[in-house]
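Q: Before I ask anything, let me first share the structure, which is written out below as structure tokens.
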Amino acid sequence: MVSIIKEPMTLEGYDLLVEEFKFLLEVEKPKTAEEKLVAAAQGDRSENADYHAAKEKLRFIDKRLFYLNSMIEKSVIIDPSSYLHVKAAFGSTVRLLNIESDEEEVYTICGVLESEPENGLISIHSPIAKALLGRMVDDEFILKLPKGKKEYEVLHVEYKNIFSLKKNIRTKLDFSFH
């Protein structure tokens, strides 16, 4: 039996996933299929750039729909505001001290589709998130990386709404294939 890996996400993340799926299925795909039909009616398809572009666009839409559907099926909606966040968990914002460099780093553990590593929003599947889960203030741990290891101390664990920290929230303009 094949076990399905569950994908934790917030309600906001799930809603955005479903919104993109519906937009592609109900708006973008029919529009592109119509563009393909119009281009096909213009004659010789072998040299028809519009026809080939629409066909390729439909292929991209179908691939994205397949991916989004699989993520919807695997999703587990979690409300991180309901946790105490005494220990690092999904939705926790954790302030760490990099013991070697004596610099502070801040990470928020979130779902893979909600992550923005460049903004400190890290996927629950990332090595540092896996190392953080269950850690409390004053815990020290070593993170083994391909280029060596880093040693950290947990300074603070708290809850901050993931979507209030995001800088790149996708909209319908982002859902379209141009």
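The values are calculated or read from the model by the stated rules, or taken from the named source; none is laboratory data. All of these numbers come straight from a predicted model, not from anything done at the bench. Cβ placement follows ideal geometry from the backbone for every residue including glycine, while neighbour counts extend to all protein chains displayed.
Q: Please return the ranges of strands (runs of 3 or more DSSP E) entirely within segment 51-125 where 3 or more residues are surrounded by 13 or more Cβ atoms within 10 Å (Cβ to Cβ) and in the same structural domain as residue 150 (by TED's automatic domain parsing).
A: 92-98, 103-110, 121-123
Q: A follow-up question, please. In segment 83-113, what count of residues is obtained for those that are at pLDDT below 95 and charged (D, E, K, R)?
A: Number satisfying all stated conditions: 1.
Q: Tell me which of these residue 34 doesn't satisfy, since it passes every other one: (1) surrounded by 12 or more Cβ atoms within 10 Å (Cβ to Cβ); (2) not in a loop (DSSP other than H, G, I, E, B).
A: (1)
Q: Related question: Can you spot a residue in segment 32-40 that is among the acidic types (Asp, Glu) and either in contact (Cβ under 8 Å) with a residue 24 or more places away in the chain or in contact with a Cys (Cβ under 7 Å, 6 or more places away or on another chain) (or both)?
A: No, because not a single residue in segment 32-40 is among the acidic types (Asp, Glu) and either in contact (Cβ under 8 Å) with a residue 24 or more places away in the chain or in contact with a Cys (Cβ under 7 Å, 6 or more places away or on another chain) (or both).
Q: When you look at residue 130, is it among the charged types (D, E, K, R), in contact with a helix residue (DSSP H, G or I) (Cβ under 9 Å, 6 or more places away or on another chain), surrounded by fewer than 16 Cβ atoms within 10 Å (Cβ to Cβ) and not assigned by TED's automatic domain parsing to the domain that holds residue 11, yes or no?
A: Answer is no for this residue.
Q: Here's something else I'd like to know. Regarding residue 166, is this residue in contact (Cβ under 8 Å) with a residue 12 or more places away in the chain, closer than 30 Å to residue 59 by Cβ and not acidic (Asp, Glu)?
A: yes
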